[in-house]
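Encoded as structure tokens, the structure appears first; notes follow it.
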Amino acid sequence: MNTSKTLLYIASGGYKPEYENLPFDHLYFVDGNSNFKKSYPEDHPKITFLGMDALFAIDYLKSKQVKIDCLVLINEGLWQGGGSYPLFSDFLIGYLSPILLEEYLLICDLSYYDSNLNAVTKMDWGHKIIKKLTSEDIGYINPKLFTSYREFSQDEVFGNVLLMKKERKVTSLNSDSIGMKIEIVHGSIWEDEDNLDFIGLNLRSKHQLVGRANGSQNVVDFFESKPKVQNIKEKHFSEIMETYIKSDVKRVGLVAWNNGNYEEIVNLINALPSNNLESIRFYHLNKGDFEDIYALYASSIIENYPFFFQHISNDNISLLQFKEVVVLGYGQAIEKLCEVITLHTTNNPNHFYFTQIKLKLGKLRIYTNTKDQYIQGLIRMTEEMS
């Protein structure tokens with residue numbers, strides 16, 4: 001078993017001798033300004049400097065099958081330093097996600113992003129904060145170590161050290177199309193790159209990438225150069241369908257692209273002509289994406305188990321809470337729970353119903369009218385496994 005640990009510092013700037021003492025076996029430093037290479041030791045057994053844009057560096061690390069235990073993003077030079085897009089953002093973290101361990105340490109400075117980029121600090125990319133580390137915690141690394149652009153007073157608090165976990169939830173949707181799976185995935189499409197034949201991306205940014213020896217390239221060019229990628233920006237779903245049907249692909253992945261208007265998609269999928277298509281997966285990092293599709297799924301669960309949801313359906317607040325639970329990827333767990341309870345209550349199907357299904361302090365919580373210990377046990381199991 002490989003127990004070596006690896007740190008990745010993006011937009012690293014120059015070398016600091018203190019890096020030698022970091023508790024990692026391999027340290028990768030990435031910066032678009034290749035001139036910083038002069039400050040790094042050559043042929044070092046554990047230190048590697050990559051003078052290239054972050055996206056090219058991620059491709060390099062993927063090719064080397066590197067897995068990252070600790071990610072550092074402190075001062076990415078977004079304004080004065082030559083950076084053209086926020087590194088601390090969903091599209092960059094999404095692309096990086098396959099080489100991050102399931103749990104990883106994130107060292108950053110959230111105060112760096114002013115009110116114009118407050119969406120960045122929400123970290124809405126399908127990863128959650130397990131714990132905010134302080135200097136009292138084992139594994140804490142002082143963020144001050146990674147910056148040279150300012151002086152600190154002895155007691156000044158700087159930066160954030162966060163233990164993160166990737167959260168991937170897959171919701172299967174029923175389809176009338178024989179043999180085809182339709183799923184919504186709250187997670188990065190790049191985690192499934194090898195298992196997809198068609199990758200539909202919403203490519204908008206024309207920001208130039210930096211630090212490439214053979215000339216400049218923008219973000220759209222970078223992704224469109226990938227063999228499976230198609231730009232689906234502002235395209236109608238029927239147009240996208242025509243493209244991948246003509247391509248005769250089997251497994252399609254699409255990111256959120258249609259400004260939140262997805263209500264018609266399920267009906268269009270069900271009308272697909274018979275071909276080799278095996279699956280369509282809708283990927284999203286931001287929690288609010290694909291709400292229309294999730295809402296249809298929530299409605300189908302209620303329709304399949306109307307008595308179980310009689311109380312929730314008649315209370316607007318409870319109904320919104322249940323839909324939020326489904327949007328966040330817990331729909332399948334609830335549906336499975338309903339299936340098992342149905343088998344248990346065959347003789348008295350009208351004696352059980354849910355009173356609330358909601359998130360409480362980030363945890364799934366299910367409330368009912370029953371005192372049946374078997375059902376209560378199922379509910380606790382569902383809550384704990386979700």
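The values are calculated or read from the model by the stated rules, or taken from the named source; none is laboratory data. Values in this document were obtained by computation on a predicted structure and should not be read as measured data. Don't worry about glycine lacking a Cβ; one is built from the backbone with ideal geometry, like all the others, and counts go over all protein chains shown. Just so you know, the surface numbers come from the protein's heavy atoms only, side chains and all, with ligands and any DNA or RNA stripped out. Shrake-Rupley method; radii C 1.70, N 1.55, O 1.52, S 1.80 Å.
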Would you list which lysines come within 24 Å of Lys235, measuring only between C-alpha atoms, while excluding same-chain residues fewer than 8 positions from it? Lys181, Lys206, Lys226, Lys246, Lys250, Lys287
Two pseudo-spin positions, 7 Å from Cα along C-beta at Asp194 and at Tyr60, lie apart in nanometres by 2.3
Considering only the other residues whose Cβ falls under 10 Å of the Cβ of Lys250, what net charge follows from Lys and Arg at +1 and Asp and Glu at -1? -2
R0 of 51 Å, Cβ-Cβ distance Lys363-Glu42: FRET efficiency to nearest 0.05: 0.50
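If each residue of separation counts as 0.36 nm, what is the full-extension length gain between Lys336 and Thr243 once their alpha-carbon separation is subtracted? Walk me through the numbers before you get to the answer.
Values: separation 93, 0.36 × 93 = 33.48 nm, distance 3.50 nm.
Extending this stretch completely gives an extra 30.0 nm.
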Helix 237-246 vs. the chain, principal-axis angle (Cα, 0 to 90°, nearest 10): 80
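About the Cα centre, and with charges only on the beta carbon of Lys, Arg (+1) and Asp, Glu (-1), how big is the dipole of the chain? Nearest 20 debye, please. Each step should come with its number before you reach the end.
Working: 39 positive and 49 negative charges, 63 e Å.
Dipole about the Cα centre, nearest 20: 300 debye.
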Going by average Cβ neighbours within 10 Å, how do the peptides 323-335, 41-53, 124-136 rank, with the highest at the top? 323-335, 41-53, 124-136
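Please report the relative contact order for the chain, taking Cα pairs under 8 Å with a sequence separation of at least 6, and give it as a percent rounded to a whole number.
On the way: 655 pairs, mean separation 45.2, N = 386.
Value for the chain: 12 percent.
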Got a number for carbon plus sulfur as a percent of the chain's accessible area, 1.4 Å probe? 47
Applying the Karplus parametrisation 6.51 cos²θ - 1.76 cosθ + 1.60 with θ = phi - 60° to the phi angles of the stretch 313-330, what ³J(HN,Hα) value in whole Hz is obtained for each residue in order, glycine and proline being reported as x? 5, 9, 10, 4, 5, 5, 5, 5, 5, 5, 5, 4, 4, 5, 4, 8, x, 9
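For the stretch 262-386, what is the accessible area per residue in Å², given a 1.4 Å probe and the full set of protein chains? Write down the numbers at each step before the final one.
Details: 6710 Å² over 125 residues.
Roughly 54 Å² per residue, with all protein chains present.
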Theoretical FRET efficiency, 1/(1+(r/R0)^6), r = Cβ-Cβ of Arg204 and Glu156, R0 35 Å, to 0.05: 0.35
Along its principal axes, what span do the Cα atoms of the chain show, with the longest given first and each in whole Å? 76, 54, 44
Can you tell me what percent of all Cα-Cα pairs in the stretch 232-381 are more than 21 Å apart? 52
If you count only protein heavy atoms and use a 1.4 Å probe, how large is the accessible surface of Asp194, to the nearest 10 Å²? 130
Long-range alpha-carbon pairs in the stretch 303-350, meaning those over 15 Å apart, account in percent for 50
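Using r as the Cβ-Cβ distance of Ile129 and Ile317, and R0 as 35 Å, what FRET efficiency do you calculate, to the nearest 0.05?
About 0.80, to the nearest 0.05.
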For a quick check, take a GNM of the chain with Cα springs below 10 Å and name the residue from Glu242, Glu167, Glu191 with the largest mean-square fluctuation. Glu242
Distance in nm between pseudo-label sites at His344 and Tyr374 (7 Å out along the Cβ direction from Cα): 0.7
Helix 373-385: angle to the longest alpha-carbon principal axis of the chain, degrees 0 to 90, nearest 10? 20
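Go ahead and estimate [θ] at 222 nm for the chain from helices alone: -39,500 (n - 2.57) per DSSP H run with n ≥ 4, summed, over the residue count, rounded to 500.
That calculation yields -7000 deg cm²/dmol at 222 nm.
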